[in-house]
Amino acid sequence: MDELKTNVLYYGDNLEILRKYIPDNSIDLIYLDPPFSSKKDYNIIFKESTGEQSAAQIKAFSDTWHWDKSAEDTYQDIILNAPPKVAKLIDAIVGGLGRNDVTAYLVMMTICLVELHRVLKNTGSLYLHCDPTASHYLKMVLDQVFGARNFRNEIVWAYTRPGTKHQKQFPRTHDTILWYSKSGESWMFNPDGVRIPYAQSTLDRGKYSVATSKVTKGISKRVLPSGGKCPEDWWQIPMIQGNAKERLGYETQKPVALLERIIVASSNEGDAVLDPFCGCGTALVAAQKLNRKWIGIDVTHLAIAVMKSRLEESFHGIQVDVIGEPEDVMGAKALARQDRYQFQWWALSRIKAKPFPEERRKGADKGIDGVIDFVERDDATSKQAMKRAVVSVKSGHVHVKDIRELKDIASRHAMGVFITLQPPTKEMCTEAVSAGSYHSPLWDRDYTKIQIMTIEELLQGKAIDMPPATSPYAKAPKVSKKEGEQIALEGSK
């Protein structure tokens, strides 16, 4: 196994990535927020060019787990190869609960946690973020993988949300974060980095002094550490509000302040932080902001594209490497054979196109895989208007009829782009040329109406000849490279 690479995104199954790329005892801090069954699909939300939330919500992954062949194979792997006490626990859980969605989730999480324990340094920590649906099962697994004596805290992240008119139970307004260290003897904890202000009521009681010891009327005051109190295991940090600048529209996005507190508490500058379910990359943004090295893993090209864009927008000049994406035509062909949707999303991300949801590919828009929006001027009104280039991605055999279909759709838009893994035929090129040009009033120049680009050309860096495009992703705010202020707990004493 090669030396650990940091400040890198890995595309692929986290178990395979961990085993292939992450050495033993190399990570200082692990944060993971694995999806569970909330009975909905999570989406990557692409913003409209107006800045409003897009109706084009593309399923990045489903958070519902099922007992299938993969779950059965993983279960057998645990029984045969995991530490005996871990195997015994999982065998008992599956035997007691049966083969179902919950146990499918648990076996997949268990094999992942075994690998995460392997890559963690002896002074390192793991923070597992979950909700009450599965936290009790996960704590049993963590006790066996990490050892019950290495359990440090069950942290409650509390927040508020509006209730419903017909409430039938108390609203759930907290998540659970389970903190385990790898060692029971030595682990990283920086209380001074996460201190929060003392409540004024505490200071007004007259029983305490801060950072000095003195006697008043014969009574010795208790000396409090300077800089504030260390937070208890109950954190009241607001959820991301709908109008917050950091909000990207990702269903499970967590506030940067929450990740900052974890990272500051359990790592130092220069340490390596790993998130194996990194979603839209909040842990990576917080790590970069706090001068830590970072590694992110996700199983969809959509998530990788969103994270890469977010990091590049948040930190000027940052270099974000992606490992696991196709680097040549052979790799692109392998991805197309493995999953044609992932191939489409990867190809679209290379040209910064917004994926077009399958449920909207009907009638006139059938056959369109993505769109690229750009700003234009309306000749009639001389006002700003939005135009669109429609994109079709093909991983298999291509024919001149594909270009004819794209021409028909593009006739209702500004332009059409055809991305193909196979070289286009002479007839396809001739048909594309016959579509003529699109004239841009704003830029006062003509662009080829239908453009064909091969995957080989895309990998070589060829760009679409069109007016400057708007970004398909919600714009991430710029982040300064300094530690943010810790959020005080409501009612701190």
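The values are calculated or read from the model by the stated rules, or taken from the named source; none is laboratory data. The structure displayed is predicted, hence computed values, not measured ones. Note that each Cβ is placed from the backbone with ideal geometry, even for glycine, and that neighbours are counted across all protein chains shown.
At-a-glance table
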read-out	value
Residue within region 269-276 that is assigned by TED's automatic domain parsing to the domain that holds Y127, more than 18 Å from N14 (Cα to Cα) and either modelled with pLDDT under 95 or buried (at least 21 other Cβ atoms within 10 Å of the Cβ) (or both) present	yes
Residue match in region 153-164 (condition: farther than 22 Å from N190 by Cβ and either over 27 Å from the mean Cα position of the chain (by Cα) or outside the structural domain of A265 (by TED's automatic domain parsing) (or both))	yes
Odd one out for Y447 among (1) modelled with pLDDT under 95; (2) surrounded by fewer than 19 Cβ atoms within 10 Å (Cβ to Cβ)	(1)
Strands (runs of 3 or more DSSP E) enclosed by region 81-187 - at least 1 residues per element that are touching a residue at least 60 places away in the same chain (Cβ under 8 Å) and farther than 21 Å from D33 by Cα	120-130
Answer from A364, A347, A353 - the residue that is at pLDDT 95 or above and closer than 18 Å to A389 by Cα	A347
Residue that is surrounded by the fewest Cβ atoms within 10 Å (Cβ to Cβ) [pool: residues in region 81-137 that are among the aromatic types (F, W, Y) and in contact with a helix residue (DSSP H, G or I) (Cβ under 8 Å, 6 or more places away or on another chain)]	Y137
I304 vs. criteria surrounded by 21 or more Cβ atoms within 10 Å (Cβ to Cβ), of a type in the set (V, I, T) and not in a helix (DSSP H, G or I)	no
Condition check for I263: touching a strand residue (DSSP E or B) at 6+ places or on another chain (Cβ under 9 Å), assigned to a helix (DSSP H, G or I) and crowded, with 22+ Cβ neighbours inside 10 Å	yes
Any hit, region 374-389, residues being farther than 18 Å from F418 by Cβ, modelled with pLDDT of 90 or more, acidic (D, E) and not assigned by TED's automatic domain parsing to the domain that holds V299	yes
Residue that is within 20 Å of Y10 (Cα to Cα) and in the same structural domain as R152 (by TED's automatic domain parsing), where the choices are A257, A287	A287
Any chance A158 is modelled with pLDDT under 95, under 24 Å from V264 (Cα atoms) and among the aliphatic types (A, V, I, L, M)	yes
Given (1) closer than 21 Å to R292 by Cβ; (2) surrounded by fewer than 18 Cβ atoms within 10 Å (Cβ to Cβ); (3) at pLDDT 95 or above, index of the condition Y21 fails	(2)
So Q288, is it of a type in the set (S, T, N, Q), at pLDDT 95 or above and part of a helix (DSSP H, G or I)	yes
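For (1) touching a residue at least 24 places away in the same chain (Cβ under 8 Å); (2) touching a strand residue (DSSP E or B) at 6+ places or on another chain (Cβ under 9 Å), each residue gets a yes or a no:
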{"site": "E327", "(1), (2)": "yes, no"}
{"site": "Q344", "(1), (2)": "yes, yes"}
{"site": "A347", "(1), (2)": "yes, yes"}
{"site": "K401", "(1), (2)": "no, no"}
